[in-house]
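Worksheet: one structure, shown below.
The values are calculated or read from the model by the stated rules, or taken from the named source; none is laboratory data. Worth saying up front: this structure is predicted, and the values here are computed from it rather than measured. Reconstructed Cβ throughout: ideal geometry from the backbone, glycine too, with neighbour counts over all protein chains shown. We work out accessible area using only protein heavy atoms, side chains counted, and drop any ligands, DNA or RNA first. Shrake-Rupley method; radii C 1.70, N 1.55, O 1.52, S 1.80 Å.
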Amino acid sequence: MAQDQDPWAAPGKGSRPSDNKPANGSNDEPTGRNQEQSPPDLEEAFANLLKKLGGGKKGSAPQPLNPKNYAKLLPIAAAVGLVIWGLSGFYTVKEAERGVVTRFGQLHSIVQPGLNWKPTFIDQVIPVNVERVRELKTQGSMLTQDENMVKVELTVQYRVVDPAKYKFSVTDADDSLGQATDSALRYVVGHMTMDNILTTGRAVVRENTWKALNSIIKPYDMGLEVIDVNFQSARPPEEVKDAFDDAIKAQEDEQRYIREAEAYAREREPIARGNAQKIIEEATAYKDQIVLDAQGEVERFQRLLPEFKASPAITKERLYIQTMENLMAKTPKVMMDGGNNLAVLPMDQLLRNKQAAQPAAQPFQNEQPSNQPTSQSAVNSQSILKQPAPAESIQRERQGRFN
């Protein structure tokens, strides 16, 4: 029963159609439901196709397969395959990309953005983005010039300018650029001290690394352009990080003190200039005063000169007395040698008495008796007493002291 079971029969219809005949032996056709459930006969359909291609008439018996029939199918299959092959060669290159075309693995050409065509299985197109800015990071512990270790992080920004050189000049342009960046950074760090790298030399490290990187990649002609080099960070090893933090803080304090000192200098400088100008003006005024005083003294002596020529002895005595008056006015005590006795005069007390008696004695200083004879010596004495204020002040001092 298992061998006679039809795999295409409906469920519950395990036997072949020949086994499902009615018991009365009638040869009725199967119902439409059974016809819909049976699968198509592939051999019959293929035979009908060959019959049409071979010119056989409808309803005739199927002919055996002939190799000539296959020869008639080859042009159609070739045309269909050629159409499919041609359509498969169309491709599109994006606006920011350039297509590197290789023919049998060898560089052939560079295609521009847009719709293009290539022979399938012969050419291969590698799209390369020439507008995107790529980024490469490198970091590591490096030895400085003063034999210290410093951890440095650097970022390189670059882009592709020649897709063909980028793909075929070196095996891996990105990896080669990374190795060149690491080499340039180690070279620059190795020629600088750790203090400069951690504090004020960050810009120097960036510029020198950029120049060294360009000089390294130039002979390889990798089709890359380095746009910028960013010096991210530089820090000492963890073992000495606290000490370096203190050193950096001290340097910041130093800069702060310098700025405060500069601000104080800018504040005090105008004041000092004003004081200097004031001192200069006072010195100039003092000089003018001294010059005028000296000119006044010269004028006074010129006026005394005729009197000195007329009576030298009296004039000399008068000048001596005047000089002694000026000297004694500056000391509170005077010692007088009287032989065996030494007298000390309290000049400060005498000067106070003189100042008290001066207002009362002033109206009588210029008085002279009308009946007193006038001799030449008296006239000379009178002319001397009538000199300007210094001589009169000396006369008043004598009168107040010895009266």
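Couplings 3J(HN,Hα) for region 291-304, derived from phi with the Karplus relation 6.51 cos²θ - 1.76 cosθ + 1.60 (θ = phi - 60°), are 5, 5, 4, 5, 5, x, 5, 4, 4, 5, 5, 5, 6, 6 Hz, where x marks Gly and Pro.
Note on exposure: Tyr264, Tyr91 ranked by accessible area (1.4 Å probe, complete protein assembly) read Tyr264, Tyr91, with the most exposed listed first.
The residues neighbouring Arg159, those whose beta-carbon lies less than 14 Å from its own, together hold a net charge of -3 under the Lys/Arg +1, Asp/Glu -1 convention. A Förster distance of 35 Å, applied to the separation of the beta-carbon atoms of Asp221 and Met149, puts the FRET efficiency at 0.50.
Please report the net charge: other residues with Cβ closer than 11 Å to the Cβ of Asn196, K and R +1, D and E -1. Net charge in that neighbourhood comes out at -1.
What's the FRET efficiency of Leu351 with Ile271 using the Cβ-Cβ distance as r and R₀ = 35 Å, to the nearest 0.05?
Working: r = 42 Å, r/R0 = 1.21.
Taking R0 as 35 Å, the efficiency between Leu351 and Ile271 is 0.25.
Across region 99-104, computed HN-Hα scalar couplings (Karplus, 6.51 cos²θ - 1.76 cosθ + 1.60, θ = phi - 60°) run x, 8, 9, 10, 10, 6 Hz from first to last residue, x flagging Gly and Pro. Start at zero, step by 5 Å, and the Cα-Cα distances of region 247-319 spread as 4, 12, 9, 9, 7, 8, 7, 6, 6, 5, 5, 4, 5, 4, 3, 3, 2, 1 percent across the bins. Projected label points at Asn129 and Ile248, each 7 Å from Cα along the beta carbon direction, are separated by 3.4 nanometres. Each residue, Gln255 and Val80, gets one label point 7 Å from its Cα in the Cβ direction; the gap between the two is 7.9 nm.
Karplus-based coupling profile of region 126-137, in residue order and whole Hz: 10, x, 10, 7, 9, 10, 6, 7, 8, 10, 10, 10, with θ = phi - 60° in 6.51 cos²θ - 1.76 cosθ + 1.60 and x standing for Gly or Pro. Annotation: amide H of Val226 has no partner in the under-5 Å range at sequence separation 5 or more or interchain, hydrogens built in the peptide plane. Using a probe of 1.4 Å, the accessible surface attributed to Met192 totals some 20 Å² when neighbouring protein chains are kept in position. Pairs spanning more than 21 Å between alpha-carbon atoms, out of Lys137/Lys211; Lys118/Lys167; Lys287/Lys330; Lys165/Lys218: Lys287/Lys330. Seen through its C-alpha gyration tensor, with square-root eigenvalues sorted a ≥ b ≥ c, region 195-266 comes out oblate because a/c lies at 1.5 or above while a/b is not bigger than b/c.
Taking K and R as +1 and D and E as -1, what net charge do the other residues with C-beta under 11 Å from the C-beta of Ser311 add up to? Each step should come with its number before you reach the end.
Details: positive: Lys309, Lys316, Arg318; negative: Glu307, Glu317.
Residues near Ser311 contribute +1 overall.
Once backbone amide H atoms are built at 1.01 Å from N, His108 has Val101, Thr102, Arg103 as its partners under 5 Å, excluding neighbours fewer than 5 places away on the same chain. Between Ser233 and Thr199, the simple label model (points 7 Å from Cα in the Cβ direction) yields a spacing of 2.1 nm. Using R0 = 60 Å, the C-beta based FRET efficiency linking Leu73 and Gln157 works out to 0.50.
In the complete set of protein chains, residue-level accessible area for Ile216 is approximately 50 Å², probe 1.4 angstrom.
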